[in-house]
Amino acid sequence: MKGKHIYFFITMLLCTSGLYAQLGIKAGVNMANEIKSFSQADIAASFNSKNLTGYQIGLIYQAMPKKSGLGVEIGALLSQKGSTFHFDSTSVSNNLKEGYKEINYLEVPFNVRYRLTLGFLGIYGFGGVYGGYALSAKTVEEITNVVETASFANITDRIDYGYNFGAGIELFRKVQLGATWSQGLKNIGIASTGLPTATTTTNRVLSFNLVYMF
C-alpha cells in the first residue's frame, strides 16, 4: 500500500495545475571512494584507499507546484567513481602497489526536494535514491605504469544503486550551487588483477556541483 501511495503522490505532484518545471545542465566534481571489507586481517591492515577526484555531468529535470516548495527531481548523469589505492604487504604479496581505479557510470537519481525562497535567493535540500550502470572501468598502477582496462566480462557486477542527499543555494531560480552525498548499497565487486580481493565493495561519493536551469 505504501508503494501505491508514493506513486499516487508523485503522479499528482507532476500533474498539478500551475506546475513549475525546469530542465537544466548539471556539472560537478566527485570525491569518490570505495568502501571495502576484507576477509583477512593482514590484508586489511596492508591495504588502504583514498578519495579519487572525478567528474559528474548530465541533465536534470525539476518540477514543483508554484505555490509549494516541495517537488521532485530526476536526472541522467555521467558520473566517475572509484578510488586511489595503496597496497604494501610482505606477508601477503611481497610487493608494493599504488595507483587508482576509475569506473564511469550512467547514473539516474530520483530525489524529493524542498526549496525555501527568500527573494532572488533560494535554499534547498533533497534526498532520494539512485541507480547506476557501469559503462567502462580501468585500473592504473602508477609504480609500474601499467593500465588495465576492464572489459565487460571482467566487471562482475555493473549495476550500482544506493541513496543520496544534499543541499545548496539557488540564485534567481537559474543557478544552483550545492553538494551531494551518496552511499552505494550494492556490492559492485569490480575485479582488479594484483590487488587483494575484498569481501564487499561499495561506492561512496561527495559531489560539489553547479546546475544551470533553462
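Computed quantities for the displayed model
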quantity	calculated
Scope segment 138-170; condition at pLDDT 95 or above, of a type outside the set (D, E) and farther than 23 Å from R204 by Cβ; matching residues	I169
Residues that are surrounded by fewer than 17 Cβ atoms within 10 Å (Cβ to Cβ), closer than 24 Å to G99 by Cα and among the small types (G, A, S), drawn from segment 123-138	S136
Extreme residue, nearest to N187 (Cα to Cα), among residues of segment 90-120 that are aliphatic (A, V, I, L, M) and modelled with pLDDT under 95	I103
Candidate set from segment 182-201 (those that are among the polar types (S, T, N, Q) and surrounded by 19 or more Cβ atoms within 10 Å (Cβ to Cβ)); member that is modelled with the highest pLDDT	S182
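The values are calculated or read from the model by the stated rules, or taken from the named source; none is laboratory data. Source: prediction; values computed, not measured. Here the Cβ is made from the backbone with ideal geometry for all residues, glycine too, and neighbour counts use every protein chain on show.
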